[in-house]
Amino acid sequence: MVRPREAVEVRGKGRGDRVLLLSWTRPDSYGDVVVAHLPVALITGIALMLPHVVSCDDLPLMPCTFLRLTGYPCPFCGLTRSFWAIAHGDWAFAVHDAPVACLVYLATALLFAWHSTALITGLRVRSSLFRLLKSPIAVWLMVTMVALNWAYRLASGLD
């Protein structure tokens with residue numbers, strides 16, 4: 001049995017229905033919270049901590065096949081180096097090398113904070129904002145950001 005939820009509510013546009021912007025519940029079992037939040041907290045936590053444990057040069061990454069075959073960087077070239085640079089506080093390098101990596105890093109940090117907070121408080125937190133990420137507009141926005149980052153790298157002559 002789930003206890004009553006507390007929520008921030010927003011009215012739907014032009015409709016009488018109510019859309020939950022944010023809701024949290026305290027399940028009977030902490031296991032429900034762990035199942036809902038631990039996987040994402042672990043993945044994002046590892047991504048945020050790995051740059052402090054392993055040097056970027058020591059990563060077992062294969063050289064970019066696209067770069068090797070064409071001589072041009074692929075849309076994702078530079079993201080790992082920029083992510084590592086941000087983790088070490090070198091935002092200037094990250095913005096110069098792959099600006100979209102800054103958004104990826106911030107999103108990773110926000111997801112880690114969201115899911116870690118849920119684990120610490122024992123609340124199962126849900127938001128309708130995450131459904132927006134699955135919408136066609138959000139997908140096109142993400143594809144456009146990666147394409148603009150790629151165009152920037154090509155125009156700048158970065159490898």
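The values are calculated or read from the model by the stated rules, or taken from the named source; none is laboratory data. Because the structure is a prediction, the values reported are computed rather than measured. Virtual Cβ from ideal backbone geometry, glycine too; neighbours counted across all protein chains shown.
For (1) more than 19 Å from the chain's Cα centre (by Cα); (2) farther than 19 Å from Arg131 by Cα; (3) modelled with pLDDT under 85; (4) among the polar types (S, T, N, Q), each residue gets a yes or a no:
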site: Arg5; (1), (2), (3), (4): yes, yes, yes, no
site: Arg11; (1), (2), (3), (4): yes, no, yes, no
site: Leu50; (1), (2), (3), (4): no, yes, no, no
site: Cys56; (1), (2), (3), (4): yes, yes, yes, no
site: Cys64; (1), (2), (3), (4): yes, yes, no, no
site: Cys77; (1), (2), (3), (4): no, yes, no, no
site: Phe83; (1), (2), (3), (4): no, yes, no, no
**Request:** Please give the helices (runs of 4 or more DSSP H) falling wholly within the stretch 49-159 in which 3 or more residues are surrounded by 12 or more Cβ atoms within 10 Å (Cβ to Cβ) and hydrophobic (A, V, I, L, M, F, W, C).
**Result:** 79-87, 91-97, 100-121, 136-156
